[in-house]
Amino acid sequence: MHPHFEPHIDTDANVCTSLLVNRYLQGRHLAWAVTAAFGDNLADAARQAAAPLNLSADQLAQLQSLGECLNYNGYGETLDDLFYDPAELYRQMRPFADPFAFIAESAAYRTLKAGYQEDMTRAVALDAAEARAAGRIFMLPAEKWARRISGVFGNQLAVESPTQAHAVLTAKPGGGYVVSVRAPLVAKSGADELCSQFDTGGGRKGAAGINHLPDAEVGRFIATFFAVFSRS
């Protein structure tokens, strides 16, 4: 371990990286931390963190949209799937201490918002491949729009049906699937337990994933998904 490494760990399901960083920075960039928490689908935690900012409902909605769009730009098989290389998007964001200024002035945000809305329209038109009381599983095709929307689609499904678990399996061009799992928002547990049972799987209690699920493992994944979430 590097001598300057300093771990900051909180396994609470309502904590994400941005909120850990916000603690360390003692709230110096709170509006950006709130934005990122919204992007991680921690809407309640984001609103609680935002309390000192005294924002209106419209302002909170703006930060939520921005956070979701930034998170959306992080999903893809390769950089070619994305609207922006994340490093380039970071360079565009870096001059803005205020996320509201970025919203007002950034052409990148407008591009991401339009792409998000178009891709989500395609995703919500799909029926679940498996639907039971405990959860739903969706299968997305091996297309750029599906790879971009996979994570944020899972977030939206979780918000729409908070008592159910959700899995989004997005086909990879070379075979197999990328998997995004969201535990029921009312419980926020089980996602890490499920995904850790598969090679390349891991994550948080409320949200986890598998980088590569072979075709031959899909049946076992579906069975394990319902076994884990039927008892939660």
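Bear in mind these aren't lab numbers, they're just calculated from the coordinates by the rules spelled out. Remember, predicted model here, so these are calculated numbers, not experimental data.
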Review point. How long, wide and thick is region 2-53, going by the Cα atoms along their three principal axes, in whole angstroms, largest first?
Key: 36, 23, 14
Practice item. Could you give the C-alpha radius of gyration of region 1-105 expressed as a fraction of 2.2 N^0.38 Å, taking N as the number of residues it contains? Key: 1.13
Check your understanding: Using θ = phi - 60° and the Karplus form 6.51 cos²θ - 1.76 cosθ + 1.60, what ³J(HN,Hα) does each residue of region 195-206 get, whole Hz, x for Gly and Pro?
Key -> 5, 5, 7, 10, 4, 6, x, x, x, 9, 4, x
Exercise for review: Please build a GNM for the chain, connecting alpha carbons under 10 Å apart, and tell me which residue among Ala43, Ala97, Ala31 fluctuates the most.
Suggested key: Ala97
Review point. Taking the Cα atoms only, what angle lies between the long axis of helix 144-160 and the longest principal axis of the chain, rounded to 10 degrees?
Key: 90 degrees
**Study point:** Fluctuation leader among Thr35, Thr170, Thr78 - the chain, Gaussian network, Cα springs under 10 angstrom
**Key:** Thr78
Exercise for review: Could you check which residue among Ala129, Ala165, Ala37 shows the biggest mean-square fluctuation in a GNM of the chain with a 10 Å Cα cutoff?
Suggested key: Ala129
Check your understanding: When N is the residue count of the chain, what does its C-alpha Rg come to as a fraction of 2.2 N^0.38 Å?
Key -> 1.02
Point to revise | Proximal lysines to Lys113, defined as alpha-carbon separation beneath 21 angstrom and excluding residues fewer than eight positions away on the same chain | key: Lys144
